[in-house]
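Undergrad: Right, I'll just put the structure down here and ask away after.
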Amino acid sequence: MILVALISTLVLGGLLAMLLEKWVTGSAKWVGLVASLLTMSLAGSLWIQYTGIDASTVSNGVFMVFKKPWIPEFGIEFHLEVDGLGLVMVMLTGFLGLVAVLISWSQVKHKEGFYYLNLLWTLAGIMGVFLAFDLFLFYLFWEVMLVPMYFLISIWGSANRIYAAYKFFIYTQIGGLLMLVALLGLYFLNGSSTGVYSFNYWDLIKTVLTTEQSMWLMWGFLIAFLIKLPVLPLHNWLPDAHGEAPTAGSVILAGLLLKTGAYGILRFVVPFFPDASQSIAMPAMILGVCGILYGAKLAFAQTDMKRLVAYTSVSHMGFVIIGIFAFNQLAWQGVIMQLVAHGLSTGALFVLAGILYQRTGTRDIRKYGGLWATVPRMGVAGLILVLASLGLPGLANFVAEFMTLAGTFTTTPIIAIAAAIGLIAAAVYSLRIMQKVFYGQDTASEKISDLSSMETLTIATVVFLLIYLGLNPGPITRTVEPSIKQLISQVETPDKGGFSYRTQVNNKSSSNGKH
Amino acid sequence: MENIDFNLLSPLILLAVAPVATLMVIAIYRNHTVTFCLAVILLVLFLIDCFRLWSLSFDNQMVDDLLMIDKFGLFFMILIAIGGILILFISYSYLNNNVKVAEEFYVLFLTALVGAVVLVSSIHFATLFLGLEILSISLYAMIAYTREWKNSIEGGLKYLILAAGSSAFLLFGMGLIYLQTGALDFEAIGSSLEKVNLISTAGLAMMLVGIGFKLGLVPFHIWTPDIYQGAPAPVTALIASVSKGSMVVVLVRFLHTTNSQQFAWIIWTFSAMAIASMLIGSLLALKQSNLKRLLAYSSIAHLGYLLVAIIAGSDFSVEAVTYYLVAYFISIIGAFGILSIFNSTGEIEQVSDLQGMFWTRPWLSVIFGVMFFSLVGIPLTAGFIGKFYVVMAAVNSGLWALAITLVVSSAIGLYYYLRVIKTMLTPVAKDAPKSALGQLSTMGLVVMSILGLLVIWFGVFPSQLIAVIRSIEVL
Amino acid sequence: MIALFYIAAFVAVISTLMAITRFNAVHALIYLVVSLLSVAVIFYLLGAPFAAALEVIIYAGAIMVLLIFMVMMLHLGETSIQQEKQWLNWSVWLGPGFLSLILLVEMSYLLVVSNEPGEGLTVVDATQVGIALYGPYIITVELAAILLLAGIVGAYYLGQEKRRVLHRFLNQEDND
């Protein structure tokens, strides 16, 4: 029930915010705050519940299930489950949702009711994506999180918002629709071989596919997730969307939406198509390395603060791809660590960029400079976040990148080495932010105000979490361990059918899917 | 003749009496409201009769090889009746505002529905052609009904000429098939059409041309935008939903009964037409600033989607077509309805007319947004389930190329639907002249709300409707 | 019999070709009348005298005459009267007249010399048509009635506006 509550709190909160704002002006933000606090506490209670149970006793690492038939004609259920991986993502969603509401507090001035509706519904969609174990439901949430996000960008974004919103929507929608086709392909192949037509995750994971089938279907899924992540040639929407979105939108985009891509690969692509994904591991990793270096290069060249941070995301997500396709537990734990750490640090960097934009009216970093003297609290926050972004030991990002690279090194050392160069590039562009914004000559004529207490609290919490997880990554890595073991077992152990076994089985059944 | 079961024919007889009765009442007492109420009451009676027949358990029955009364046809009769009633509600205020003499509209409207109902139960060339002509002739006059507008007259004339031309193709095709098979009813044609030869191929091809025209499929789509634009918005709703829908149904019946899908070339031709319709419809819609033209091009794409489901040819495909048509009926009637329920002379036509509507009329805009989301296939709307069904049918039959094209076309489609929604959200500048949109008619708003809720309902809880559709045995 | 069919068909093709290639609408329409007449002869040859009669009465008779009158009446003014005189000189009648003559000869031959239908053909007369229409096809007759109703109501509505129709004989000076 708590799983349904996680989603429905946000959905109902959004509706309430919209309706209440009509009668009581200014009430929407309070509704938003209450809803996101409630969600956060629900996620927290889930966490406490999870730490209370012995992970080894639950099958597949899943410790809570909610199932209700929805469209039985198609074998579709309203089916939510949560395991360690899901739990970490739910926690992140709850936390960043709260951050997004808080940061919007003083920044959003018009049409607040509709704003909070969209904000909370985006979060609800993301929450649903992390919880859905019925693939139809997953696709549904995948789509649902787009529409409100589109409105967030296109109504409350900055100058070039409409273009950015279109681009964002169309890129992700194409990916989504390809996923739908692949999803249906999987559904029918599974249905025709087993006789049970179902969108259930645990049914579909058992689908036996020929090499060719699994290759095609994998691409359908993979493209959707790679667009979201994003990976190098498909990253084009990201700088625009991140750059033009309102602050809370950027936080959600960078902190959560990108994570749905990584989550999708971990949860669906690899377990569903283990052989096919292994066969493309090398090209994918090379793309990952290219992404790291190319993202870093472009980040260095940006003058727009938000676009700069956006390109660092491209760079950081390269590590995620590399880690995923290294197919070992260490790397995967690093990947999830990276998802959390990047969500927090980049989210907070966007918060900072949003605050700077609000105070100075520009996002051009050439027009900043010497801000440390006037806004020391902002400077400290910026310094820590930038150091986190470049992967300073002691902060969560370092742990993440280290684990990813160490895991990768055991399988493909050359990729790990190449990716490590990206760390140096990260140092360069990260320090450039510090240099341009906070050091140097103060050129601004007007003094700007420092972080307000609420902003300080928001960023301080993030910084605290980054340091805490940097020193003690155990809570995350321990939580995700059982689910990672379960997921990665699809690739590593041959008992579910090695390459040759699958091929044989499917030569018999391959024709069933065709009409 | 002797063994005609009047019980089974009663809906059709009732509906055929309706225009005559309406005409009589007009002759005695000419009043718009009275005529409107009468037409609605007659349609409701028809609907009730359809439901009565639906609840009876009866065997599919042919009437003199001309008509087939079965659940499949009844389902669409019910759909047509409901769609018709909704369009009538939209039309009332529209006619009040735009036309001096409105009564004849209802007579034509009812005859058009007779044509549509005959089409959906037709299993014979004679009824197919007559149904089609009744529908088309009524539509000519209805398109030109707002005589004062040049576009309207032009649209009517264009439709007259092009529809007559396409009917000629259809007739000639029928003639060639008759020459080959010596039969006019679908079943007999099906049993003697097995041999492929030049004459039957030419006959089928010419019929395809005729049907392609009526459905507005590429490359026979050129009339669509002009007629959609020229016709009064309620009539456009009728063309987009009832007229095209009943044609799709008769096409499904024809292909199914004659088993024409055995011919590879028909599948290839349909596939090419579907792909072209989906892509060209979507691409041409991109540049439109006129809402009705935009919807016209999008309807070309939508018919392409429907064709994909038809090509699939499995058990799924009829279900998919049926569901898609239901979803499409609701959404397109809703979309055109909103264009026509403003209590002002003329219509909202340009996309820019909608600017800022979200902030001045939030409820109506939400409904409009829901209709558009349904047309584009965003989850939680009926249109999504419809599109999902179609993709399902395509994938089930292994039509990957068509499924992918559908996906691409949908993605392009997103762009122009979003553009309209975006316009509604863009606030109007403070000093801009007051919006030209007039007051809303309450009746129209109620109908729109019902439609909006239906779209959501069928999108969130499609189960019941799917169960009903599954219970229909085709033919 | 076959030869007769080909003669009539030849006339039909020639006259139709002429109809669609004439620049002058009146000339084209006259050829169209001939074309319809030849089709009527073909119907007769094939054993469908009732269809042949309908073809002559409805198409060649009523509709064509109406059309020709309409075309001629739409040409208003002094110049068009002069034109009309030129249109209707003897050379215009020559082609259609010749073709009609062929048909007449053929028809007379059929009526007088050989009044038997061709091989494998059965004559379908008016009674049989009537029985078919009011027997198994009664529904289509009813539908056709509704079709006509729709047509009439539509035409009535669209034509009911009272425009001032200026006829050239009544209101000559207005047209110049």
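Undergrad: Does any residue of the range B:212-219 turn out to be touching a residue at least 24 places away in the same chain (Cβ under 8 Å) and farther than 20 Å from B:TYR328 by Cβ? Let's see the steps before the verdict.
TA: Quick first cut of the range B:212-219, residues touching a residue at least 24 places away in the same chain (Cβ under 8 Å) only: B:212-219.
Keeping just the survivors that are farther than 20 Å from B:TYR328 by Cβ gives B:219.
Looking through the range B:212-219, at least one residue is touching a residue at least 24 places away in the same chain (Cβ under 8 Å) and farther than 20 Å from B:TYR328 by Cβ.
Undergrad: A follow-up question, please. Restricting attention to the range C:1-26, which residues are open to solvent by less than 40 Å² (accessible area, probe 1.4 Å) and under 20 Å from C:GLN83 (Cα atoms)? Explain how you work it out, then say what you get.
TA: At the first step, the residues of the range C:1-26 found to be open to solvent by less than 40 Å² (accessible area, probe 1.4 Å) are C:4, C:8-9, C:11-12, C:15, C:19, C:24, C:26.
Result: C:ALA19, C:ASN24, C:VAL26.
Each row is one residue, and each column tells you yes or no for (1) at pLDDT below 85; (2) under 21 Å from the mean Cα position of the chain (by Cα); (3) surrounded by fewer than 17 Cβ atoms within 10 Å (Cβ to Cβ).
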site	(1), (2), (3)
C:LEU67	yes, yes, yes
C:GLN82	yes, no, yes
C:PHE98	no, yes, yes
C:THR127	no, no, yes
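Undergrad: State all residues of the range B:110-121 that are facing chain C (nearest Cβ under 10 Å) and more than 17 Å from B:LEU215 (Cβ to Cβ); if no residue qualifies, say none.
TA: Within the range B:110-121, B:LEU110, B:THR111, B:VAL114, B:VAL118 qualify.
Undergrad: Within the range B:43-62, does at least one residue satisfy the condition of being free of Cβ contacts under 8 Å to residues at least 12 places away in the same chain, assigned to a loop (DSSP other than H, G, I, E, B) and of a type in the set (D, E, K, R)?
TA: yes
Undergrad: Failed condition for B:VAL209, given (1) open to solvent by less than 10 Å² (accessible area, probe 1.4 Å); (2) away from chain C (no Cβ under 13 Å); (3) modelled with pLDDT of 90 or more, with all others met?
TA: Answer for B:VAL209: the failing condition is (1).
Residues are listed down the side, and each one gets a yes or a no for (1) modelled with pLDDT of 90 or more; (2) in contact with a helix residue (DSSP H, G or I) (Cβ under 6 Å, 6 or more places away or on another chain):
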site	(1), (2)
A:ALA35	yes, yes
A:THR51	no, no
A:ALA55	no, yes
A:ALA124	yes, yes
A:PHE136	yes, no
A:MET145	no, yes
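Undergrad: Go through the range B:390-410 and give me each residue that's within 7 Å of chain A (Cβ to nearest Cβ) and either in a helix (DSSP H, G or I) or among the polar types (S, T, N, Q) (or both). Spell out how you get there, then give the answer.
TA: Keep residues of the range B:390-410 that are within 7 Å of chain A (Cβ to nearest Cβ), which gives B:391-392, B:395-398, B:403-404, B:407, B:410.
Result: B:VAL391, B:MET392, B:VAL395, B:ASN396, B:SER397, B:ALA403, B:ILE404, B:VAL407, B:SER410.
Undergrad: Something else about it: Can you tell me which residue among B:ILE227, B:ILE161, B:ILE199 is free of Cβ contacts under 8 Å to residues at least 12 places away in the same chain, at negative phi and aliphatic (A, V, I, L, M)? Give the derivation first.
TA: Numbers: B:ILE227 fails: free of Cβ contacts under 8 Å to residues at least 12 places away in the same chain; B:ILE199 fails: free of Cβ contacts under 8 Å to residues at least 12 places away in the same chain.
Being free of Cβ contacts under 8 Å to residues at least 12 places away in the same chain, at negative phi and aliphatic (A, V, I, L, M) holds for just one of B:ILE227, B:ILE161, B:ILE199, which is B:ILE161.
Undergrad: Hey, C:LEU110 hits all of (1) open to solvent by less than 40 Å² (accessible area, probe 1.4 Å); (2) more than 30 Å from C:ALA3 (Cβ to Cβ); (3) not polar (S, T, N, Q) but one; which does it fall short on?
TA: (2) is the only condition that C:LEU110 fails.
Undergrad: Still on this structure, I have one more. Give the number of residues within the range B:230-267 that are at positive phi and within 11 Å of the chain's Cα centre (by Cα).
TA: Applying the first criterion (at positive phi) to the range B:230-267 yields B:259.
Pick out the ones that are also within 11 Å of the chain's Cα centre (by Cα) and you get none.
Qualifying residue count for the region: 0.
Undergrad: Just wondering, is there one or more residues in the range B:348-369 that are farther than 29 Å from A:LEU152 by Cα and at pLDDT 80 or above? Steps first, please.
TA: Applying the first criterion (farther than 29 Å from A:LEU152 by Cα) to the range B:348-369 yields none.
No; the residues of the range B:348-369 include none that is farther than 29 Å from A:LEU152 by Cα and at pLDDT 80 or above.
Undergrad: Still on this model: Which residue out of A:VAL340, A:VAL314 is modelled with pLDDT of 90 or more, among the β-branched types (Val, Ile, Thr) and crowded, with 24+ Cβ neighbours inside 10 Å?
TA: One residue alone meets the criteria, A:VAL340.
Undergrad: Okay, next question. State yes or no: is A:ALA460 in the same structural domain as A:VAL289 (by TED's automatic domain parsing), surrounded by fewer than 18 Cβ atoms within 10 Å (Cβ to Cβ), over 21 Å from A:GLN329 (Cβ atoms) and at pLDDT 75 or above?
TA: Details: in the same structural domain as A:VAL289 (by TED's automatic domain parsing): yes; surrounded by fewer than 18 Cβ atoms within 10 Å (Cβ to Cβ): yes; over 21 Å from A:GLN329 (Cβ atoms): yes; at pLDDT 75 or above: yes.
Yes, satisfied.
Undergrad: With the structure loaded, tell me whether B:ILE378 is modelled with pLDDT under 80, buried (at least 16 other Cβ atoms within 10 Å of the Cβ) and not in a helix (DSSP H, G or I) or whether it fails that test.
TA: No; evaluated as a whole, the condition is false for this residue.
Undergrad: Can you name every residue in the range B:254-279 that is among the polar types (S, T, N, Q) and in a helix (DSSP H, G or I)?
TA: Of the residues in the range B:254-279, the ones among the polar types (S, T, N, Q) are B:257-262, B:269, B:271, B:277.
B:THR257, B:THR258, B:SER260, B:GLN261, B:GLN262, B:THR269, B:SER271, B:SER277 - these are the residues of the range B:254-279 that are among the polar types (S, T, N, Q) and in a helix (DSSP H, G or I).
Undergrad: Counting only residues that are surrounded by fewer than 20 Cβ atoms within 10 Å (Cβ to Cβ) and more than 9 Å from chain C (Cβ to nearest Cβ), give me the helices (runs of 4 or more DSSP H) lying completely in the range B:122-194 with at least 1 of them.
TA: Those helices (runs of 4 or more DSSP H) span B:150-181, B:186-192.
The values are calculated or read from the model by the stated rules, or taken from the named source; none is laboratory data. Being a predicted model, the structure only gives us computed values, none of them experimental. In this analysis, Cβ positions are derived from the backbone assuming ideal geometry, glycine residues included, and neighbour counts consider all displayed protein chains. All accessible areas refer to the heavy atoms of the entire protein, side chains included, with ligands and DNA or RNA removed. Shrake-Rupley method; radii C 1.70, N 1.55, O 1.52, S 1.80 Å.
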